[in-house]
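Below is one structure; the comments refer to it alone.
Here, each number is a calculation from the coordinates, and none is a lab measurement. Computed from a prediction, not measured in an experiment: that's the story for all the values here. So basically every Cβ, Gly included, is an ideal-geometry build from the backbone, and we count neighbours across all protein chains shown.
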């Protein structure tokens, strides 16, 4: 999809629209896939047992459609009220993240891809979703069973240099924070910045995201350098993004230890990697 976006190009002259082109070719493709869930859990059109009883524990397909319409129109007050009503009904913040915001991001991207909505309108809608995710962050982390300060292992979450820190990466970080990981992020970090952090700070895990398979060589080179300079000799590396969605086995091709399909899966995979490391040592 990134190649398709690049060939389509962004409207306007280069000087005025450079940022929009970067969003079109990098951010939107990653938003569409960073949190695409497996078919069983993502199919919002299939009501759960609680939905059948009239008290859904997650947003319904009709509610997702209603929410995306509100956000696309730019009515932030109405969207915030919509989220409050869901939470008052008992929908958890985790479900809001995975079952509402993520499907909404995919829907916006599909509208852009099929030219049902203007590129700029879709981009603005995606940024509104990011704001809602940020606003929900404190409540989400607080909702964990143990809401003490982070005492777990330290993780660095970054995008491959040259990309933007995007919505998908933000959600993964929130899930790790809720699991009491000490989450560091470095939006816009250069390769030198990332390597310097790995040299000076002890990280149990570093997560890196990409958007296209064309970035494999650069990603593999960065993973090799991180393992070479890391203060932690048993550093674990997790990768994410579109290329790994349908082919998780490709993570091994870039020297990573694992890949994850969404925030919930990232927590499980990260904890599994640490348990394996501890057993081995």
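Take the Cβ atoms of residue 271 and residue 88, set R0 to 22 Å, and the FRET efficiency comes out at 0.10.
Would you mind getting me the FRET efficiency between residue 221 and residue 182? Use the beta-carbon distance for r and R0 = 30 Å, nearest 0.05.
Details: r = 27 Å, r/R0 = 0.89.
With a Förster radius of 30 Å, E is 0.65.
What value does the range 154-280 have for Rg/Rh, both radii from Cα atoms and Rh as Kirkwood defines it? Let's see the in-between values first.
Numbers: Rg = 13.0 Å, Rh = 14.2 Å.
Dividing the radius of gyration by the Kirkwood radius yields 0.91.
Considering the range 61-125, its Cα convex hull presents a mean projected area of 4.1 nm².
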